[in-house]
Amino acid sequence: MEEINIENTVDLIHKNQAVFFSSQITLSSAFRVKKLKKLLKTIVQKEKEIHQALFKDLRKSSFESMTSETIFVEKEIRKMIQLLPSWSRPQRVQSSLLNFPSRDYIIPEPYGKTLLISPWNYPFQLAITPLVGAVAAGNTVVLKPSEFAPNTAKIINEIIAEVFEPEHVTVLEGNVSMATALLKKRWDYIFFTGSTSVGKIVAKAAAEHLTPTTLELGGKSPCVVDASAPIKTTAKRIVWGKFLNCGQTCIAPDFLLVDQKIKAELTQQIIKEIQKAYGEDQSLSADYGRIIHEKHLSRLKDYLHGQNIVFGGNIAQDSLYFGPTIVDEPALESPLMKEEIFGPILPIVSYESEQHLHEILENGERPLAFYVFSKKNKFVNSLFSKYSFGGGVANDSIIHFANDNLPFGGIGNSGMGAYHGKHSLVLFTHKKPVVKRSFWFDLPGRYAPYPKSLSFLKFLIKNL
Ligand code: NAD
């Protein structure tokens, strides 16, 4: 699409959504529930096509597509349908005696027109989950999916066009030009999932209009393994979390920090677990994905320069295959240890003492996820309280994502704001406080000329 066409398209949708939102139709929770039910039905009907699109874009197995994409979204929609009726009602709260007599409420109101920008790694789930939250809270939505997962973007577009009027929810496919045109407009909420660098561009654009923004970003998520961790289960769970979706998971363990006493044994067990999961030749495994794009394959290839590869390192450029790879003791200043890997390379760094471990951890930005494998509860708790991170798991990886009672989001460089389940409703809703006063009574001394003595005022403030 030419630039001028993009701007015209964005302009029209933006105007139409403003009119639609002003009609107040989305304030009705029955309307929202009806739409969510239709969305759920359509997704269930088209599950096979969604899985096919995910296979074309990322060579995702149906099992992974189901567990990490469609089932997750379907569960989220069901949860919203269940929560919505009570959520959307005004909530009466205790009044202040200073305002006596009054009735005080929090009225949940949608922000208005929301813009969602999503990435390519879980291209269905990461586009639809925030959309479900935004719609459930009564907003209109423009969704721009990633151009790097074009087959998934197409099926998302078809589903949304079947379920919603475009002035309510619409998908605008496109690349950076489309995202840039969208970001020039004034939105009432922006929800962005992607890299930290683009997150900063989004935050700047949002600041122009003082638009509240959620940034779901990435970073380097450390995985600490102490000497008490059972090697076999630890290795199995790390391999699963690291190589799921070919390592292209925002909350994948980025690198291991292992007590030097168990490093050799753990490394050997990780290799065994890779072979158990994906076979001797992992390129033949139906369960092992591919890198999204040549650009990302080259980026990952560059990380391996000068590194000590103790397993893998096999790459097939034409089929975008990048085998599970283990790097032993990379220099902490190397790009592999400075940048988010976001691919199937697992660096293993050993630590000699707890002090050494802290020296390494203290150097990093606040990560999206933090993992510890240890049988020592005290050690786990000390790390969980000392470090700040988006979400943490002891003795496993990734799984916190699956519990919608937990807010999902980052902190600092890994983002701001959190969603999933009820947290999505909270995120996409403005809590509007309202006080309804009565005409019949005023506290004495409220109006000027004020009383000379402040003792009655002091008494009131202390006791009310
Ligand atoms: P990206 O930042 O390159 O792209 C994300 C989206 O932003 C895409 O839709 C893209 O078209 C758009 N975009 C790209 N350049 C833009 C620009 N200059 N202005 C406006 N929009 C622009 O990220 P990606 O490569 O799609 O995804 C990988 C990153 O996302 C990793 O850092 C990963 O950790 C992170 N991620 C985070 C989460 C999370 O939930 N926190 C989930 C998945 C991925």
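The values are calculated or read from the model by the stated rules, or taken from the named source; none is laboratory data. Just so you know, these numbers come straight off a predicted model, no measurement behind them. Cβ: placed from backbone, ideal geometry, glycine included. Neighbour counts: every protein chain shown. To get the accessible areas, we keep the full protein, side chains included, count just its heavy atoms, and leave off ligands, DNA and RNA. Shrake-Rupley method; radii C 1.70, N 1.55, O 1.52, S 1.80 Å.
So the values come out like this:
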{"item": "Per-peptide average of other Cβ atoms within 10 Å, ordering 186-196, 136-146 highest first", "result": "136-146, 186-196"}
{"item": "q = 0.10 Å⁻¹, the stretch 226-370: log10 I(q)/I(0) [Debye, one scatterer per Cα]", "result": "-0.32"}
{"item": "With every protein chain in place, the stretch 221-323: carbon and sulfur % of accessible area (1.4 Å)", "result": "51"}
{"item": "Heavy-atom surface of the chain, accessible at 1.4 Å and reported per residue (Å²)", "result": "47"}
{"item": "Cβ crowding within 10 Å averaged over residues, with 436-449, 377-390, 48-61 ranked highest first", "result": "48-61, 377-390, 436-449"}
